[in-house]
Amino acid sequence: MIHKEVAQIISISKNMVVLTGAGCSVESGVPDFRSPSGWWNQIDPRTVATVKALETNYPLFHSFYTTRVNHLRKILPHAGHAILARWEQVGHIKLITTQNVDGLHQAAGSSHVQELHGSIKEFRCHSCRKATDEEAFVNERPCQCGGKLRPSIVLFGENLPNDAWQRSMAAIESADVVMVIGTSLQVHPVNQLPFITKGKLILINAEETGQEDRFDFFLRGKAAETLLLIQHYMEK
Ligand code: APR
């Protein structure tokens, strides 16, 4: 059973890095982006997730991210997030690097987390970059400089946070295992990250991504369900 083999590999790992995408949050009730029920099948990302959208159609930009902010208030981590936090506590996971902006890994207790696409839990002025809070953003209060407020997430075309990128690259380069969970691997440059490792590559995803053959193990399934099954074999 492939889950048992993966469980054995994780059990002896002391330097595992986990890369997650939106599929890792779906079982918490957060839509992903490119599945049939995903955000980008409801709205064109170019109209809301770009700097141009923010600067030329702020009402739509503000409405989209306010919807996501309000939705996340009711969201909790699932059992899979808790297992990843436990694997960090017992010394298997060194780092979780995530494309997700929802803060669910941290909410589940993971402390070594790098947010490659920023965080929707933090807000700033688009012009002067002054930090602000959710209440000011949701209530559309302009910055003192007159600039528009936005979540501190990476919009398409913007650079990734350099520190998070460098730390994630370094961790993956020296990892003995890299586990990728819930991502279509469609978005550059994160989709290149897993393959710089010399360690074992494990993919957990609900659907094929077209890159399965680059992984040592492909566990087709849901994130929480699959992590629970692996954890079950680790306890045997
Ligand atoms: N468990 C595991 N995988 C799942 C689950 C689940 N419960 N539900 C969906 N998936 C899979 C989907 O099959 C899909 O392959 O997760 C993947 C999610 O892919 P995307 O929706 O493309 O999300 P992601 O890869 O994180 O997107 C990357 O694109 O729009 C940008 O900034 C956004 O960070 C995001 C980036």
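The values are calculated or read from the model by the stated rules, or taken from the named source; none is laboratory data. Model, not experiment: these values are computed from the prediction. Every residue, glycine as well, gets a Cβ built from its backbone with ideal geometry; the counts of neighbours run over all protein chains shown. Accessible surface is based on the protein model in full, side chains and every heavy atom, while ligands, DNA and RNA are left aside. Shrake-Rupley method; radii C 1.70, N 1.55, O 1.52, S 1.80 Å.
Report Rg (one decimal) and Dmax (nearest whole number) for the range 51-124, counting Cα atoms only, units Å.
Looking at the range 51-124, its Cα Rg and Dmax stand at 15.0, 48 Å.
Using R₀ = 22 Å, calculate the FRET efficiency as 1/(1 + (r/R₀)^6) where r is the Cβ-Cβ separation of Glu55 and Asn139; round to 0.05.
After rounding, the FRET efficiency stands at 0.60.
How big, on average over all directions, is the shadow cast by the Cα convex hull of the range 137-228, in nm²?
If I average the Cα hull's projected area over directions, I get 8.5 nm².
Quick one: how many Å² of Thr226 are accessible to a 1.4 Å probe, rounded to 10?
Approximately 10 Å² of Thr226 is accessible to the 1.4 Å probe.
If the only charges are +1 at each Lys and Arg Cβ and -1 at each Asp and Glu Cβ, what is the size of the charge dipole of the range 66-189 around the Cα centre, to the nearest 20 debye?
Here the size comes out at about 320 debye.
How many angstrom separate the Cα center of the range 1-41 from the Cα center of the range 188-221?
A separation of 10 Å, based on Cα centres.
Where in the chain are the DSSP H helices whose alpha-carbon span along the long axis reaches 20 Å or more and whose Kyte-Doolittle mean is at least -1.0?
Length and hydropathy pass: 58-72.
Quote the FRET efficiency, to the nearest 0.05, computed for Lys148 versus Ser35 with a Förster distance R0 of 45 Å and r equal to the Cβ-Cβ distance.
Once rounded, the FRET efficiency stands at 0.90.
Taking Rh as the Kirkwood radius, which is the inverse of the mean 1/r over Cα pairs, what is the Rg/Rh value for the chain?
0.98
What does the extension gain come out to for Lys198 and Arg214, with contour length at 0.36 nm per residue minus their alpha carbon separation?
Computed gain between Lys198 and Arg214 is 4.5 nm.
Name all residues of the range 89-112 having a backbone nitrogen under 17 Å from the label point set 7 Å from the Cα of Val69 along its Cα→Cβ direction, giving them as ranges.
Once the point is set 7 Å along Cα→Cβ of Val69, 101-103 turn out to lie under 17 Å by backbone N, inside the range 89-112.
Keeping the other protein chains in place, figure out the carbon and sulfur percent of the accessible area of the chain, with a 1.4 Å probe.
50
For the range 73-88 and the range 101-156, write down the distance between their C-alpha centroids in whole Å.
The range 73-88 and the range 101-156 have Cα centres separated by 21 Å.
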